[in-house]
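For reference, the structure discussed in these notes is given below.
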Amino acid sequence: MDKYPLKKYPVVGACGLNCGLCPRYHTEGTSRCPGCCGTDFWQKHPSCGFITCCVKQRNLETCAQCADCGVCEKIGKLLDSAKNKDSFISYKPLTANFALIQKNGIEEFAQLEIKKQAFLRHLIDNYDEGRSKSFYCTSCQLIPLDKLKEAMADAETEITEDISIKEKTKIVRAAISSLADTLQIDLKLRR
């Protein structure tokens with residue numbers, strides 16, 4: 001049994017990350033992350049300053065819901081670093097995620113994340129030759145879902161049943177990369 005309450009939306013990180021779009025969320029086996037404060041989260045990630053304040057102390061889903069969010073030093077540093085850095089999970093959309101949550105609420109944001117996650121699952125299940133999961137995760141984090149769906153519709157017109165998964169992946173990745181270039185979105189992680 002978890003010592004702390006589970007979040008209603010583990011696909012949304014307390015810090016604003018898109019946990020449901022992370023490669024570790026889509027990993028099979030014991031290294032799979034259950035999302036932010038999901039089932040068995042505490043055994044895998046025992047400490048996080050954002051979770052301590054947001055979830056454990058204030059019983060919120062995400063810092064964006066907090067009345068002190070605008071003046072929080074920890075959030076300020078995170079949003080500032082998100083402009084210039086990445087890690088395993090892209091932090092680039094944090095400012096937009098916070099703004100969307102504050103404007104439309106956590107439920108609407110979570111529903112959008114669940115739709116992105118379903119699209120990501122489609123990419124992984126049908127167009128991953130074994131090395132594209134991280135690329136697809138980053139793409140779903142950074143590119144608007146409607147634009148991704150348009151690019152996929154175009155790519156799927158080129159895909160036939162008789163081509164290999166490697167060729168299918170190549171077509172899909174090229175379509176997404178072209179879209180990212182058009183939108184001036186850099187899909188490469190800066191470490």
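What follows is calculated from the coordinates using simple rules that are stated; it is not laboratory data. In this text the structure is predicted, and so the values were computed from the model without any measurement. Cβ atoms come from the backbone with ideal geometry, glycine included; neighbour counts cover every protein chain shown.
The figures follow:
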{"quantity": "Cross-link reach list, lysines versus residue 147, counting only Cα pairs under 17 Å and skipping chain neighbours closer than eight places", "calculated": "115, 116"}
{"quantity": "Cα-centred dipole magnitude for the range 19-183, charges only on beta-carbon of K, R (+1) and D, E (-1), debye, nearest 20", "calculated": "660"}
{"quantity": "Hits among lysines - C-alpha to C-alpha of residue 188 under 18 Å, sequence gap 8 or more where chains match", "calculated": "83, 85, 92, 133, 170"}
{"quantity": "Whichever aspartates and glutamates have a C-alpha closer than 20 Å to that of residue 74, once near sequence neighbours (fewer than 8 apart) are set aside", "calculated": "61, 86"}
{"quantity": "Sorted by Cβ density within 10 Å, fewest first, the residues 163, 51", "calculated": "163, 51"}
{"quantity": "Rounded to 10°, Cα long-axis angle of helix 94-104 versus longest principal axis of the chain", "calculated": "70"}
{"quantity": "Nearest 10 degrees, 0 to 90: helix 73-82 Cα axis against the chain principal axis", "calculated": "10"}
{"quantity": "Rounded tilt (10° steps) of 133-142 against the dominant C-alpha axis of the chain", "calculated": "70"}
{"quantity": "Calculated over the range 19-183: convex hull of Cα atoms, volume per residue (Å³)", "calculated": "126"}
{"quantity": "Estimated FRET transfer efficiency (residue 77, residue 131; beta-carbon r; R0 22 Å; 0.05)", "calculated": "0.05"}
{"quantity": "FRET efficiency, 1/(1 + (r/R0)^6) with R0 30 Å, evaluated for residue 57 and residue 146 via beta carbons", "calculated": "0.20"}
